[in-house]
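The values are calculated or read from the model by the stated rules, or taken from the named source; none is laboratory data. Model, not experiment: these values are computed from the prediction. With ideal geometry, Cβ positions are generated from the backbone for all residues, glycine too; neighbour counts draw on all protein chains shown.
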Amino acid sequence: MRTTQNVKAKAKAAAKPNPAPLLVILDNGHGRETPGKRSPAWYDMAQLMEWEFNRSIVERVAMSLGRLKVACTLLVPEDEDISITERIKCTNTLARGAKEEGRQAILISVHANASPDPERPGRGWECWTSKGNTKSDKLAEMFYQEASRYLGRYPLRKDMADGDADKETNAFSLLSKTICPAVLTENLFMDNHDECEFLLSEQGRDLIAHTHTKAIIDYNRQFGTNHI
Ligand SMILES: [Zn+2]
């Protein structure tokens, strides 16, 4: 059962054991039963289920952040789909709670991409923020830097029109209606055979998780107060 009270309790619990100024909120989008959100059924390898992939990445990131003593919480520990409205509400409760504790929350939503046209699979990695010049852009910039380091074998999909690499939209309400810096990563295309193979592999998942952890550390180094 999700109530505002247990969300508040969660914020407090996440805040308590660690004095770090940053609270990292990790979202893994989609649930076990979300329709679509999976790779094609390949003839020569497993089908990728996005809910499982997203969870596998956020769990890896959470583990690394735990080792680095950066406070971190999973927005959706459940396997089922939690509505976007609920996730926005929960993020904002966590962000307010963090602020009361003198800390700053950031939200990272992890996904795998799919092309709208099954005949033309997409290719590459990208990161989204809401429109406008915000602190989310700084976080996204760090993600692009780390992605070029760890996922450089794949194209980085950028929108340089506004002078930075991240792609901007207000279509993702999780980014535009949350009160803390927020980015959404689309980690390669699950409908692309080569990229999907990488997403299914342990090495691929470790590199994607590492990209996230490093970007969070970069952000903490620049905007946090505990210099790890
Ligand atoms: Zn997704």
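Any idea how many residues of the stretch 179-191 are under 22 Å from Glu52 (Cα atoms) and over 11 Å from the mean Cα position of the chain (by Cα)?
Selection size over the stretch 179-191: 4.
What is the number of the single condition among (1) under 19 Å from the mean Cα position of the chain (by Cα); (2) part of a loop (DSSP other than H, G, I, E, B) that Ala147 does not meet?
(2)
Quick check on this structure: which one of Asp194, Asp206 is assigned to a helix (DSSP H, G or I), within 16 Å of the chain's Cα centre (by Cα) and away from the ligand (no atom under 14 Å from the Cβ)?
Exactly one of Asp194, Asp206 is assigned to a helix (DSSP H, G or I), within 16 Å of the chain's Cα centre (by Cα) and away from the ligand (no atom under 14 Å from the Cβ), namely Asp206.
Just one of (1) outside any helix (DSSP H, G or I); (2) closer than 23 Å to Leu175 by Cβ; (3) more than 16 Å from the ligand (Cβ to nearest atom) trips up Gly29, so point out which.
It is condition (3) that Gly29 fails.
Quick check: is even one residue across the stretch 134-144 under 19 Å from the mean Cα position of the chain (by Cα) and part of a loop (DSSP other than H, G, I, E, B)?
Yes; the residues of the stretch 134-144 include at least one that is under 19 Å from the mean Cα position of the chain (by Cα) and part of a loop (DSSP other than H, G, I, E, B).
Determine whether Thr169 is of a type in the set (S, T, N, Q) and modelled with pLDDT of 95 or more.
It is false that Thr169 is of a type in the set (S, T, N, Q) and modelled with pLDDT of 95 or more.
Give Leu156, Leu188, Leu175 a once-over and let me know the one that is in contact with an Asp or Glu (Cβ under 8 Å, 6 or more places away or on another chain) and within 16 Å of the ligand (Cβ to nearest atom). Even if it seems obvious, please write down each step before you answer.
Details: Leu156 fails: within 16 Å of the ligand (Cβ to nearest atom); Leu175 fails: in contact with an Asp or Glu (Cβ under 8 Å, 6 or more places away or on another chain).
When all the criteria are applied, what remains is Leu188.
What's the total number of residues in the stretch 80-125 that are closer than 25 Å to Ser148 by Cβ, within 16 Å of the ligand (Cβ to nearest atom) and surrounded by fewer than 24 Cβ atoms within 10 Å (Cβ to Cβ)? Full working, then the answer.
Restricting attention to the stretch 80-125, the residues satisfying the condition of being closer than 25 Å to Ser148 by Cβ are 106-115, 120-125.
Retained after the next criterion (residues that are within 16 Å of the ligand (Cβ to nearest atom)): 107-115, 121-122, 124-125.
Subset that is surrounded by fewer than 24 Cβ atoms within 10 Å (Cβ to Cβ): 111, 113-115, 121-122, 124.
Result for the stretch 80-125: 7.
Checking Thr73 against (1) of a type in the set (Val, Ile, Thr); (2) at pLDDT 90 or above; (3) within 16 Å of the ligand (Cβ to nearest atom), which single condition isn't satisfied?
For Thr73, the exception is condition (3).
Give me a count of the residues in the stretch 161-187 that are surrounded by fewer than 24 Cβ atoms within 10 Å (Cβ to Cβ) and of a type in the set (A, V, I, L, M).
Adding up the residues that qualify gives 6.
Which of the residues belonging to the stretch 66-118 are in a helix (DSSP H, G or I), farther than 12 Å from Val24 by Cα and within 15 Å of the chain's Cα centre (by Cα)?
Result: Ile84, Arg87, Ile88.
A quick yes/no check of all residues on (1) within 11 Å of the ligand (Cβ to nearest atom); (2) touching a residue at least 24 places away in the same chain (Cβ under 8 Å); (3) crowded, with 18+ Cβ neighbours inside 10 Å:
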residue	(1), (2), (3)
Val24	no, yes, yes
Ser39	no, yes, yes
Ala46	no, yes, no
Gly66	no, no, no
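Given the residues Gly122, Gly163, Gly132, Gly152, which is the only one that is at negative phi, without any contact (Cβ under 8 Å) to a residue 40 or more places away in the chain and out of contact with any helix residue (DSSP H, G or I) (no Cβ under 7 Å at 6 or more places or on another chain)? Steps first, please.
Values: Gly122 fails: without any contact (Cβ under 8 Å) to a residue 40 or more places away in the chain; Gly163 fails: at negative phi; Gly132 fails: at negative phi.
It is Gly152.
Of the conditions (1) over 22 Å from Ser136 (Cβ atoms); (2) in contact (Cβ under 8 Å) with a residue 24 or more places away in the chain; (3) away from the ligand (no atom under 16 Å from the Cβ); (4) among the small types (Gly, Ala, Ser), Ser56 clears all except one; give me its number.
Condition not satisfied by Ser56: (3).
Take Thr34 and decide whether it is among the β-branched types (Val, Ile, Thr), more than 30 Å from Met160 (Cα to Cα) and either within 16 Å of the ligand (Cβ to nearest atom) or touching a Ser or Thr at 6+ places or on another chain (Cβ under 7 Å) (or both).
Spelling it out, Thr34 is indeed among the β-branched types (Val, Ile, Thr), more than 30 Å from Met160 (Cα to Cα) and either within 16 Å of the ligand (Cβ to nearest atom) or touching a Ser or Thr at 6+ places or on another chain (Cβ under 7 Å) (or both).
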